[in-house]
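The structure under discussion appears below in the form of structure tokens.
Read-outs throughout are calculated quantities, based only on the coordinates presented, and are distinct from any laboratory measurement. Since we're looking at a predicted model, the values are computed, not measured. Glycine gets a Cβ as well: all are built from the backbone with ideal geometry, and neighbour counts include every protein chain shown.
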Amino acid sequence: MLLEEISSRKSVRSYSEQPISDEVLNEILEAGRLAPSWVNVQPWKFIVIKDEKTKELLFKAAGGQKQILGAQVVIGCVADLEAWEKKNFAAVLEKSGLGKYADAYLNNSTLNPSLIGKFEVLTRTIEQLTYATAYMTVQAHKSGVGCCVIGAFANEMTKGDENVIKELKERLNLNDKQILLTLLTLGYEKTPRETNKIRKEPAEVIFYEKLS
């Protein structure tokens, strides 16, 4: 039952030396690829990182979060703002069988945030990438792989060390419209522990018809 996977998932920051097979890793990545997105734009790219020098740079960018160095794999989740550009958006619509409606989609600000502004494109893209990230964390847990989501590191959103951001973008070959937004560190849990999930009570977050 999927709810059981969600309720038992936890952040894992200490990993064993057991490698993650390509099959398991591909399943995790596939979960992200298949995640839902606004008008199917899929404004994301995933970078599989195993290189130790790249992990050391990410470690530096993240203020010394050790799970980056200890991870068997780090998935860099990139917010791809280029996905909203007319040619890319239109290509997705065509592939989805909606080519004949392309003008209606591309010229509707409700469906196309690029008609409004850069902030709206960024906001919508971050929203979409969150879905993919969540799907990958659940699939990792289902596969028995520990995962930690890291968003606290130097990038254009956090306004961290500009030199580190520049070095990281160059190393990962990111352009100005691609933002490394989230890191997923992956590895088998070194010392298994029980999940202790502290969440607000249902009555605090669930309402019917309107907020009370």
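Side notes on the structure shown:
- Under-22-angstrom lysine pairs by C-alpha in segment 19-102, whenever the two are 8 or more apart or on separate chains: 13
- Qualifying chymotrypsin sites (Phe, Trp or Tyr not before Pro) for segment 102-209 [loop in DSSP, other Cβ within 10 Å: at most 10]: Phe207, Tyr208
- Bridgeable aspartates and glutamates around Lys210 (alpha carbons under 19 Å apart, same-chain partners fewer than 8 residues away excluded): Glu201.
- Straight-distance crosslink candidates among aspartates and glutamates, where the alpha carbon sits under 20 Å from Lys166 and sequence neighbours closer than 8 are dropped: Asp51, Glu52, Glu56, Asp80, Glu82, Glu156, Asp176
- Cross-link reach list, lysines versus Lys142, counting only Cα pairs under 18 Å and skipping chain neighbours closer than eight places: Lys10, Lys190, Lys197
- Near the amide H of Lys190, within less than 5 Å, lie the amide hydrogens of Ser14, Tyr15, Ser16, all on another chain or at least 5 residues away, with H placed in the peptide plane.
- Simple spin-label estimate for Glu17 and Asp161 in nanometres, 7 Å along Cα-Cβ: 2.9 nm
- Amide H to amide H, with H built 1.01 Å from N, Asn155 comes under 5 Å of Gly160, counting only residues 5 or more places away or on other chains.
- Karplus 3J(HN,Hα) series, Hz, for segment 92-109 with 6.51 cos²θ - 1.76 cosθ + 1.60 (x for Gly, Pro): 5, 4, 4, 5, 7, x, 10, x, 5, 9, 3, 4, 5, 6, 5, 9, 10, 5
- Calculated FRET value between Glu4 and Asp51, using beta carbons and R₀ = 30 Å, to 0.05: 0.30
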